[in-house]
Amino acid sequence: MKKKTKHNHTKKKKTEYRYVYIMLSQTSTYAARLIKMYTREPYAHVSIALDKDLKEMYSFGRKRLHNPLLAGFVAEDIEKGVFAQNPNNRCSIYELKVTSEQYDAIVREIEIFKENKEKYSYNFLGIAGCMVHYPVNLDTRYFCSQFVAYILMRSGVQLFDKNYGLIRPFDFRINPRLKRIYRGKICNYYSVRNIMLEQEQQEEQLLSV
């Protein structure tokens, strides 16, 4: 007599997705212009944001507007500081699709930096190491692209096939998993974002009819 095969009718949990945002930017500061001159890249700085409005955006950079040497972990605002210093400052903003679990992990990793922000400083030595393809990874020191790559790596988001201490803005710009949603002047982002929101709302209304 054949045994009845038991079937597992438990449905697999559907994977839920969220989005984080990567902003590549170029400001008019002397340091940013020097980096651009050396790399010949359009952007010198990388930030990670938890929302499309960039209200929760973080990186490693200067803590005071006119002192590039006093730098470390910072919460950034595109309407203040170096971003707002010059109306011609430009950026590209990219959308990155992650799972809900990865998103929560990113939030937790950033929270560690927020709670211990006074411990962190800028990894100037890491910048030099990156230039000669030798990663300098220190527990409390990061440069901007190294920090963003580290947060993603720690959260299970594998964007790169090399050490996070060697990641530059260029590596984000060419990554196929990043979808560019804006390119232009930093000061124009919110006005363009409002237009995008209106279009999204109109599309939703049409679909609901």
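At-a-glance table
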| quantity | calculated |
| --- | --- |
| Residue in the range 89-108 that is in a loop (DSSP other than H, G, I, E, B) and without any contact (Cβ under 8 Å) to a residue 60 or more places away in the chain present | no |
| Enumeration of residues in the range 84-116 that are modelled with pLDDT under 95 and among the charged types (D, E, K, R) | none |
| Residue in the range 146-166 that is charged (D, E, K, R) and in contact with a Phe, Trp or Tyr (Cβ under 7 Å, 6 or more places away or on another chain) present | no |
| Residue in the range 180-196 that is nearest to Y19 (Cα to Cα), counting only those that are hydrophobic (A, V, I, L, M, F, W, C) and in contact with a strand residue (DSSP E or B) (Cβ under 9 Å, 6 or more places away or on another chain) | I181 |
| Filter pass, D104 being acidic (D, E), within 25 Å of Y38 (Cα to Cα) and exposed (fewer than 15 other Cβ atoms within 10 Å of the Cβ) | no |
| Residue list for the range 48-81, restricted to those being closer than 14 Å to Q26 by Cα and assigned to a loop (DSSP other than H, G, I, E, B) | I78 |
| Selection within the range 131-148 - of a type in the set (A, V, I, L, M, F, W, C) and touching a Gly at 6+ places or on another chain (Cβ under 8 Å) | V136, L138, F143, C144 |
| Near pairs, Cβ below 8 angstrom, 6+ apart or cross-chain, from the range 173-187 (touching a residue at least 12 places away in the same chain (Cβ under 8 Å) and buried (at least 17 other Cβ atoms within 10 Å of the Cβ)) to any residue that is assigned to a strand (DSSP E or B) and small (G, A, S) | R173/S92; Y182/S92; I186/S25 |
| Scope the range 132-150; condition closer than 18 Å to Y43 by Cβ and touching a residue at least 24 places away in the same chain (Cβ under 8 Å); matching residues | Y142, F143, C144, S145, Q146, F147, V148 |
| Sole exception among (1) in a strand (DSSP E or B); (2) among the aliphatic types (A, V, I, L, M); (3) touching a residue at least 60 places away in the same chain (Cβ under 8 Å); (4) farther than 17 Å from F124 by Cβ for A84, by number | (1) |
| Every residue from the range 140-170 that is crowded, with 16+ Cβ neighbours inside 10 Å and small (G, A, S) | S145, A149, S155, G165 |
| Evaluation of A128 against (1) over 22 Å from Y21 (Cα atoms); (2) in contact with a Leu (Cβ under 8 Å, 6 or more places away or on another chain) (one fails), failing number | (2) |
| Qualifying residue in the range 57-69 (condition: among the small types (G, A, S) and within 17 Å of the chain's Cα centre (by Cα)) | yes |
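Condition check ((1) within 19 Å of S92 (Cα to Cα); (2) hydroxyl-bearing (S, T, Y); (3) modelled with pLDDT of 95 or more; (4) in a helix (DSSP H, G or I)) across all residues:
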{"position": "G126", "(1), (2), (3), (4)": "no, no, yes, yes"}
{"position": "P135", "(1), (2), (3), (4)": "no, no, yes, no"}
{"position": "V148", "(1), (2), (3), (4)": "yes, no, yes, yes"}
{"position": "I151", "(1), (2), (3), (4)": "no, no, yes, yes"}
{"position": "G165", "(1), (2), (3), (4)": "no, no, yes, yes"}
{"position": "I181", "(1), (2), (3), (4)": "yes, no, yes, no"}
{"position": "V192", "(1), (2), (3), (4)": "yes, no, no, yes"}
{"position": "M196", "(1), (2), (3), (4)": "yes, no, no, yes"}
{"position": "E203", "(1), (2), (3), (4)": "no, no, no, yes"}
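The values are calculated or read from the model by the stated rules, or taken from the named source; none is laboratory data. Please read these numbers as outputs of a predicted model, since none were measured by experiment. Methodologically, a virtual Cβ is constructed for each residue, glycine included, from the backbone with ideal geometry; neighbour enumeration extends over all protein chains shown.
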